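One structure is given here, and the rest of the page talks about it.
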Amino acid sequence: MLFGKINYTNLATFHIFVKQYKISSRFKQSMNYHQSHPANINKKFKTRRVDAAFISSAESFRGNFKTYHVGIVANKKVKSVIIKKGENKKDLESASSNLLATILGVKGEVIIGDKALKAYLKNPKEYEDLCSLWYRKYKLPFVFARFCVNKNHKFYEKLIKKFVNKRVKIPQYLLKQYSKKLGISSHDIEDYLDLISFRIDYYGKKGLGKFKKEINKK
């Protein structure tokens, strides 16, 4: 079983859950081998080099695979998907966020992930939070990614159900590691992770439906 790991802090609680979960060391090693940014994980999943992954919402609408009501969800703001006003420039690590900027009709440089979080926290006035703009326009949360599976469905269904039903606490020593890696405080990391949820509820599904509808117009 091979899992594609998005190596961003927004999935820190999932990665910690997997470390604590009774699962083969081979599976955990595969996560470290197949780790990358969202656009690359999308490619690995679509070419079946990995069995499962959190796939960009835009890509999750296309293909013959199983999707779950679990993903990377933010409501009102996210801090790690931002745009800097100026010349249009896509983030090559992204799929959904570039489309989101187009749908919202905002121009500038799209930045996602940990580098975006660090930039936003350093000088929030320079950037606009795309999740905030989406909420302002549609009054719905935005689902950035969905948990998708190519094969070994029973295993992954059990794994993801346990994850969403378990409250995962990040140990202080790991918070310090993230803090050192990103160059931001542990407190800021905790505040950021509080913005992220994983269960795609009624309003999340409505947000997904709206995003799909807007994509189809383009």
(message) Quick query: amide H of Tyr68 versus all other amide H atoms, modeled in the peptide plane; which residues come in under 5 Å with a sequence gap of 5 or more or a different chain?
(response) Phe147
(request) Take every DSSP beta bridge with both residues inside the chain and express the antiparallel ones as a percent of the total, to the nearest 5. (result) 80
(request) Could you give the size of the charge dipole of the range 54-170 about its Cα centre, using +1 on the Cβ of each K and R and -1 on the Cβ of each D and E, expressed in debye and rounded to the nearest 20? (result) 600
(request) Please give the net charge around Arg167, taking every other residue with its beta carbon less than 15 angstrom from that of Arg167, where Lys and Arg add +1 and Asp and Glu add -1. (result) +3
(request) Give me the net charge of Ile200's neighbourhood, meaning all other residues with Cβ under 12 Å from the Cβ of Ile200; Lys, Arg count +1, Asp, Glu -1. (result) +3
(request) Enumerate the calculated ³J(HN,Hα) couplings along the range 115-121 in order (Karplus 6.51 cos²θ - 1.76 cosθ + 1.60, θ = phi - 60°), each rounded to whole Hz, writing x wherever the residue is Gly or Pro. (result) 5, 5, 4, 5, 5, 5, 5
(request) First check a/c for the range 4-81, with a ≥ b ≥ c the square roots of the eigenvalues of its C-alpha gyration tensor; if it is under 1.5, answer rounded, and if not, answer prolate when a/b is larger than b/c or oblate otherwise. (result) oblate
(request) Taking the Cβ of Leu117 as the centre, find all other residues whose Cβ is under 10 Å away and add up their charges (Lys, Arg: +1; Asp, Glu: -1). (result) +2
(message) Please report the antiparallel percentage of DSSP beta bridges with both residues in the range 1-115, rounded to the nearest 5.
(response) 45
(request) May I ask you to order 18-31, 124-137 by the average number of other C-beta atoms within 10 Å around their residues, highest value first? (result) 124-137, 18-31
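Read-outs throughout are calculated quantities, based only on the coordinates presented, and are distinct from any laboratory measurement. Just so we're clear, the structure is a prediction, and the values are computed from it rather than from any experiment. Note: ideal-geometry Cβ built from the backbone for every residue, glycine included; neighbour counts use all protein chains shown.
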